[in-house]
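Read the structure below first, then the notes.
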Amino acid sequence: MYPTNENSFQMPAYKTQRLAFRSDIMIKEQKSLYEASVLVMEHRIDQDEYAAFFVFHKGKGPKDKWKIYLYD
């Protein structure tokens, strides 16, 4: 799960064991796409928990799929 809007993206040195939702998924309709956002707690293997914020985009076409737009 890595952002699709980056030209180059380095793989992280850690592995995620699981994600736990910390907020409701918010979906907004834009002119040409849908945008969803959610706050999660990321449980990394052999490390602590970290808060993470995901933003997903999906076009309005019949074959469009949700893609990670931002991971912060």
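Each reported figure results from applying straightforward, stated rules to the coordinates on display, with no laboratory input. Since the model is a prediction, treat every value here as computed from it, not as a measurement. Here Cβ is always computed from backbone atoms with ideal geometry, including for glycine, and neighbour counts include all displayed protein chains.
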Potential extension, ASP24-ALA51 segment - 0.36 nm per residue separation minus Cα distance = 8.3 nm
message = On a straight-distance basis, which lysines could pair with LYS28 in a cross-link, Cα separation under 18 angstrom, same-chain partners fewer than 8 positions away excluded?
response = LYS58, LYS60, LYS65, LYS67
task = Pop out the ³J(HN,Hα) list for region 42-47 in order, Karplus 6.51 cos²θ - 1.76 cosθ + 1.60 with θ = phi - 60°, rounded to Hz; leave Gly and Pro as x.
result = 9, 9, 8, 5, 6, 9
Whole-number percent relative contact order across region 14-66, with pairs defined as alpha carbons under 8 Å at least 6 apart = 32
message = I want to make sure I understand the PRE zone here: with the label point 7 angstrom from the Cα of LEU70 toward its beta carbon, which residues in region 31-54 have backbone N atoms less than 16 Å away?
response = 31, 33-40, 52-54
ask   = Of the peptides 51-61, 20-30, how do they stack up when ordered by the mean number of other Cβ atoms within 10 Å, highest first?
value = 51-61, 20-30
